[in-house]
Amino acid sequence: MQAGFAFSKLADRLASLAPVTADDLHLLADMASTIAHLGSRQTVLRHGDDATQCCLLLQGYLSWQDAESADGQITSIHVPGDIANLHTLHRPRVDGNLIALGPAIVALVPHRFFHDLSARSPAMSRALLLMLLTDHAIQRNWTVNLGSRDALTRVAHLLCEITARLQSVGLARDFRLPSPFTQSDLAAACSISPVHANRTIQELRRCNLLQWQGKTVMITDWPALVRLASFDPTYLGIRPSHEDASSHLKPLTAEVALV
């Protein structure tokens, strides 16, 4: 595909999950879509909607939020290359609110395109299925994160996950990334109070694991952050050829001293 092609991040995402050929990926060039520039906190889909289009994220971050939660509980976060509502290909009814975390650019693609794509290419059909299964695996891991990890480990694990997912589509290679959220968003994603979220970030800073300045997060000690989080990226389904040669995404088991 041509460099700079608008949907190159989707191509990267699919190729990170399954073997696909250049001919398979070229089929994405036939994608009809409407490009939408979203403002921060803009709602893309609302609970109860019947979706007829898939929301492909090109830039920025999207989040699913619990429609019943008074504090806007975040139940998942999507990065560029993700199809945030891929499941609506099979069940159009929307459960939750899909909201932009900061400014974002999305492509709204008719369901019909992905159904046709699956019929034309078994490899792309499998890649889309793996993307959907990975979404479910991420959701299960979020449940574990909230149910069995303390606040510091929750935040560390979430930052590791976001970084690994960005790197699988060629972003954040230097461990510098646009912040996926405000500290209030972080609290909503990790089910802690905003005050606790702030203290947790300060602790990660004090341990020299990251810097968080304005809208940029810089992870300054990736191996130590991975150890703290006990982060094993296997559930993300990233193919080995899409991991860095340094193997920095592999799990590390040693303890990090928080002193």
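The values are calculated or read from the model by the stated rules, or taken from the named source; none is laboratory data. Not measured: the values here are computed from a predicted model. Here Cβ is always computed from backbone atoms with ideal geometry, including for glycine, and neighbour counts include all displayed protein chains.
Considering Arg120, Arg165, Arg126, Arg140, which residue is farther than 20 Å from Tyr235 by Cβ and basic (Lys, Arg)? Outline the logic, then answer.
Details: Arg165 fails: farther than 20 Å from Tyr235 by Cβ; Arg126 fails: farther than 20 Å from Tyr235 by Cβ; Arg140 fails: farther than 20 Å from Tyr235 by Cβ.
Among Arg120, Arg165, Arg126, Arg140, only Arg120 is farther than 20 Å from Tyr235 by Cβ and basic (Lys, Arg).
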Any residue at all in region 191-214 that is of a type in the set (A, V, I, L, M, F, W, C) and closer than 23 Å to Gln42 by Cα? no
Among the residues of region 29-41, the number that are assigned to a loop (DSSP other than H, G, I, E, B) and either exposed (fewer than 15 other Cβ atoms within 10 Å of the Cβ) or of a type in the set (Phe, Trp, Tyr) (or both) is 4
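Specify which of the listed residues (Leu130, Leu186) is under 25 Å from Val20 (Cβ atoms) and either crowded, with 20+ Cβ neighbours inside 10 Å or within 15 Å of the chain's Cα centre (by Cα) (or both).
Working: Leu186 fails: under 25 Å from Val20 (Cβ atoms).
Step by step, each of Leu130, Leu186 is checked, and only Leu130 is under 25 Å from Val20 (Cβ atoms) and either crowded, with 20+ Cβ neighbours inside 10 Å or within 15 Å of the chain's Cα centre (by Cα) (or both).
The rows are residues; the columns are (1) part of a loop (DSSP other than H, G, I, E, B); (2) modelled with pLDDT of 95 or more; (3) crowded, with 22+ Cβ neighbours inside 10 Å.
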| position | (1), (2), (3) |
| --- | --- |
| Leu57 | no, yes, yes |
| Ser63 | no, yes, yes |
| Glu68 | yes, no, no |
| Asp71 | yes, no, no |
| Ser76 | no, no, no |
| His87 | no, yes, no |
Would region 193-203 turn up any residue that is touching a residue at least 60 places away in the same chain (Cβ under 8 Å) and surrounded by 21 or more Cβ atoms within 10 Å (Cβ to Cβ)? no
Across (1) of a type in the set (S, T, N, Q); (2) at pLDDT 90 or above; (3) in a helix (DSSP H, G or I), Ser241 clears everything bar (2)
Answer yes or no as to whether His26 is surrounded by fewer than 17 Cβ atoms within 10 Å (Cβ to Cβ), on the phi < 0 side of the Ramachandran plot, modelled with pLDDT of 95 or more and not in a loop (DSSP other than H, G, I, E, B). no
